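The values are calculated or read from the model by the stated rules, or taken from the named source; none is laboratory data. Since we're looking at a predicted model, the values are computed, not measured. Here Cβ is always computed from backbone atoms with ideal geometry, including for glycine, and neighbour counts include all displayed protein chains.
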Amino acid sequence: MSAEQSRTGETTEGDEKNLVERWASGSITDPERTYKILFYIVAISFLVTTLFPFYWLTVLALTPEGNLTDVGLLPNGFNPGAFVEVFTTVPFHIYMLNSVIIGLLTTALVLLLASLAGYAFGRFEFPGRTPLMLIFLAISYFPPAAFLLPLFELFTANITFFSLPGGTEVTSPMLFNGPGAMVLPYSALFLPLSIFILTTFYSQIPDGLEDAARVEGNTRLGALFKVIMPLSAPGVATAGVLTFIAVYNEYFFAFLMTDGRVQNWATIVWGLLSYQGRFQTSYNLMAAASLLGVIPIAILVVIAQEKIVSGLTAGGLKE
Amino acid sequence: MGDVTYDDVRKEYGDATAVEGLSLDIEDGEFVTLVGPSGCGKSTSLEMVAGLTEPTSGSVYIDGEDVTGLPPKDRDIAMVFQNIALFPHMDVYDNISYGLRLRDTDSEEVDRRVETAAEMVQMKGMLDRMPDEMSGGQQQRVAIARAIVREPAVFLMDEPLANLDAKLRVHMRTQLQELHRQLDTTIIYVTHNQEEAMTMSSRIAVMNEGELQQFDEPLECYYHPANRFVAGFIGSPSMNFIEGRLTDDGVETDHFDLDIERSLHDTEVGQRVTVGVRPEDITLAESATFETESGPVDTQDESELDGTYSDPIAVVTDVLEPVGDDIYVYTRFPDEGQAGADSAGEDRAGPGGNEERLLMSIPPMPDMSTYEAEGQRTQIALNLDMVHLFDGETGAAITHGLTQATQSDDRSASTRAESD
């Protein structure tokens, strides 16, 4: 069918062709239109699937506690007080603070260690470099549950390393109910990803710059932290943000490594669960708290997104 | 004080030897150039002074102190890199003052010294620029300022001009020499460009395949090269080499014979030698011309020849390259059997024609068409004062000049004897 005919077919009412036929011929002559429609379909379904949970949480949070049965697409009432009540029923802000602190501690530790490892992997040739990298990568795919029992024993001071002659026993430290019990396993689990990202970035910094820094008076470590790291800022930001988000979202160790009391470094997970009483669960408060809990990550992503995007694409292109 | 000594320094990378038994004494205030082709170990040698590379064996001394195991920061050196290596995240002021700030110099002192250094490289008004806002030449000047601001005992320069365009390179060359005069500090300079080495240095260390070939003043390397490699590497266009044999009273090659009027040590008749002669030491023989269709374009007068010249050698011109103040004439020898002035035949070098060619450089002839002068027969003569002989096996120099020995020849002969 020629383009001319189809165009007349589109414009003339009363043409014999039905709607589908007209649309098909139209898209053959103008494929851009089809692509555009497909783009909107994909984009809208993506937005719906990601944003609907947030909308649903908002609906729940705004619904007064008594009206929680039969919630439709619109809240049964309007109760913005839930967002304040969240903090009065439970010290949710402290739970959030715990999460943020543990996230920051882990991120700092991971960035420090991954920088050192990335420097070695990225800038030195040594025997066994690739196998070692692969082992690190393999570790990141281990199920955390596999570590749980031994780590729990270790962190609750149940493991005796050795006995001193006087009869005193040297046991593992008591980290349970403290930040260490979460920061250490998180760091181990999230290190490989950061090592990979930073290795890629550090290996791209020209040798001359490091040499220049060393000649100017830096040690190797000084050159790493004063020249190589600042120049790899997108990579460091990416690794840091990904680690922070992963820790902030973590459920497993966060749930099992404390007893859930807020003074014992319980995180948001415990904060949300504490709205669940013995006889009744305040779903509206839980929803409100969940929304509030997203805020730190949302802020972080907004601030760092530019660096993350450039970091991810730069890393990807150079592979 | 910045004297630098290499003591039998050796560097291996796996199986490959980058630097082999390097021993050098560089005096305070000297401008020494390490020069050689790519992969000759010159940059490695420099990095061993900088402390960026550890020698496999041997020691490096700066100012009499053994610095072999010291990190770069403890060596009192500064370096300018080929890729410039300014810190891209710092402005000019921060780049220049980086080393001073690391050493906790107080800020007034930093300001004062940065200003002096910036003034020296004419970058004074640009202290708040970022490196990517500047041209290559400006960046390299900042890199030099960063090196001089710390007033180190030794400057190390690793091909600092290699990334600049030709005009800027010549300009920066002069600037560096001026800087050296002002600072009077030892500079060790690495380049693969023999012209840079010749023009800038007080002494040149010519290296090849990890080994030091000759360490001498530029003109000494030029006129009295220690071996065939140095002879071929120093000087542009490079020296012509023709294989030959020693005879009773001279040297013979496939194409010409030369008389030797001096006694040569440690040689025997029949020994294989290489005759080396620079393009500018070849000239048109007495009354030889280029014949073109428009007639002869040049005649060589006897009066223009000074020095002792060889008998005329018949050649055929191949390609002429006018470069302005000179014309480079590529010539080949006529085919075997046709050699000699009388032989007829204008045919070009046929298949199996010999590969040996001579490049000569003659003064320009304004009314000559270089195109017409190609493929012409002519005769040339070699300046016997300037003909070098090298051992056919080892490449070591046997003599520089075939005429009666002069004092300078004796001197070089004796220094060579000492070094052996």
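Could you check segment B:1-100 for strands (runs of 3 or more DSSP E) lying wholly inside it with 3 or more residues that are acidic (Asp, Glu), away from every other protein chain (no Cβ under 13 Å) and farther than 19 Å from B:SER202 by Cα? So that I can check it myself, show each step before the final result.
Working: elements: B:4-13, B:16-26, B:31-35, B:57-62, B:77-80.
Per the criteria, B:4-13.
Among the residues of segment B:101-121, those identified as assigned to a helix (DSSP H, G or I) and of a type in the set (Lys, Arg) are B:ARG101, B:ARG112, B:ARG113. Of all residues in segment B:75-85, none satisfies being at pLDDT below 90 and farther than 26 Å from A:VAL227 by Cβ.
When you scan segment A:143-166, do you find a residue that is touching a residue at least 24 places away in the same chain (Cβ under 8 Å), over 30 Å from A:ASP207 (Cα atoms), assigned to a loop (DSSP other than H, G, I, E, B) and not aromatic (Phe, Trp, Tyr), even just one? Checked against the condition, which is being touching a residue at least 24 places away in the same chain (Cβ under 8 Å), over 30 Å from A:ASP207 (Cα atoms), assigned to a loop (DSSP other than H, G, I, E, B) and not aromatic (Phe, Trp, Tyr), segment A:143-166 yields at least one hit.
Among the conditions (1) assigned to a loop (DSSP other than H, G, I, E, B); (2) within 28 Å of the chain's Cα centre (by Cα); (3) buried (at least 23 other Cβ atoms within 10 Å of the Cβ), B:ASN163 misses just one, which is (3). When each of B:HIS180, B:HIS171 is tested for being at pLDDT below 95, assigned to a helix (DSSP H, G or I), in the same structural domain as B:VAL67 (by TED's automatic domain parsing) and closer than 23 Å to B:ARG113 by Cα, the lone residue that passes is B:HIS180. Per the listing A:THR281, A:THR267, A:THR243, the residue uniquely without any contact (Cβ under 8 Å) to a residue 12 or more places away in the chain and assigned by TED's automatic domain parsing to the domain that holds A:GLY122 is A:THR281. The set of residues from segment B:25-45 being among the aliphatic types (A, V, I, L, M) and over 14 Å from B:GLY2 (Cα atoms) comprises B:LEU34, B:VAL35. Only a single item in (1) in a helix (DSSP H, G or I); (2) of a type outside the set (A, V, I, L, M); (3) closer than 18 Å to A:GLY66 by Cβ is not met by A:SER290, and it is number (3).
Against the condition closer than 27 Å to A:VAL294 by Cα, in a loop (DSSP other than H, G, I, E, B) and modelled with pLDDT under 85, how does A:GLY66 come out, does it pass? Even if it seems obvious, please write down each step before you answer.
Details: closer than 27 Å to A:VAL294 by Cα: yes; in a loop (DSSP other than H, G, I, E, B): no; modelled with pLDDT under 85: yes.
No; evaluated as a whole, the condition is false for this residue.
Quick check: anything in segment A:226-234 touching a residue at least 12 places away in the same chain (Cβ under 8 Å), within 20 Å of the chain's Cα centre (by Cα) and within 14 Å of chain B (Cβ to nearest Cβ)? Looking for residues that are touching a residue at least 12 places away in the same chain (Cβ under 8 Å), within 20 Å of the chain's Cα centre (by Cα) and within 14 Å of chain B (Cβ to nearest Cβ), one finds at least one in segment A:226-234, hence yes.
So that you can scan it fast, the table gives a plain yes or no per residue for (1) under 14 Å from A:THR219 (Cα atoms); (2) over 25 Å from the mean Cα position of the chain (by Cα):
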{"residue": "B:SER45", "(1), (2)": "no, no"}
{"residue": "B:TYR61", "(1), (2)": "no, yes"}
{"residue": "B:GLY64", "(1), (2)": "no, yes"}
{"residue": "B:THR68", "(1), (2)": "no, yes"}
{"residue": "B:PRO72", "(1), (2)": "yes, yes"}
{"residue": "B:ALA78", "(1), (2)": "no, no"}
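Suppose the filter is of a type in the set (Gly, Ala, Ser), part of a loop (DSSP other than H, G, I, E, B) and more than 15 Å from A:MET286 (Cα to Cα); does A:GLY77 pass it? In short, yes. Considering segment B:97-140, the residues that are closer than 24 Å to A:GLY222 by Cβ and among the basic types (Lys, Arg) include one that is surrounded by the fewest Cβ atoms within 10 Å (Cβ to Cβ), namely B:ARG103.
Residue check: A:MET182 meets all listed conditions (1) at pLDDT below 90; (2) closer than 28 Å to A:VAL100 by Cβ but one, namely (1). Among the residues of segment B:101-111, the ones that are more than 8 Å from every other protein chain (Cβ to nearest Cβ) and basic (Lys, Arg) come to 1 in all. Residue count for segment B:250-280 under the criterion of being crowded, with 21+ Cβ neighbours inside 10 Å and in a loop (DSSP other than H, G, I, E, B): the result is 3.
Looking only at segment B:223-276, residues that are touching a helix residue (DSSP H, G or I) at 6+ places or on another chain (Cβ under 8 Å) and of a type in the set (A, V, I, L, M, F, W, C) come to 7 in all. When you look at A:GLY208, is it within 13 Å of chain B (Cβ to nearest Cβ), more than 31 Å from the chain's Cα centre (by Cα) and surrounded by fewer than 20 Cβ atoms within 10 Å (Cβ to Cβ), yes or no? In short, yes. Scanning segment B:135-156 for residues that are free of Cβ contacts under 8 Å to residues at least 60 places away in the same chain and not β-branched (Val, Ile, Thr) yields a count of 8. Quick test for you: out of B:THR199, B:THR191, B:THR186, pick the one residue that is under 23 Å from A:GLY208 (Cβ atoms), in the same structural domain as B:SER45 (by TED's automatic domain parsing) and within 17 Å of the chain's Cα centre (by Cα). Testing whether each residue is under 23 Å from A:GLY208 (Cβ atoms), in the same structural domain as B:SER45 (by TED's automatic domain parsing) and within 17 Å of the chain's Cα centre (by Cα) leaves just B:THR191.
Take the conditions assigned by TED's automatic domain parsing to the domain that holds B:ARG101 and more than 25 Å from the chain's Cα centre (by Cα) and apply them to B:ALA147. Does it pass? Walk me through how you get there before you give the answer.
Values: assigned by TED's automatic domain parsing to the domain that holds B:ARG101: yes; more than 25 Å from the chain's Cα centre (by Cα): yes.
When the stated conditions are applied, B:ALA147 passes them.
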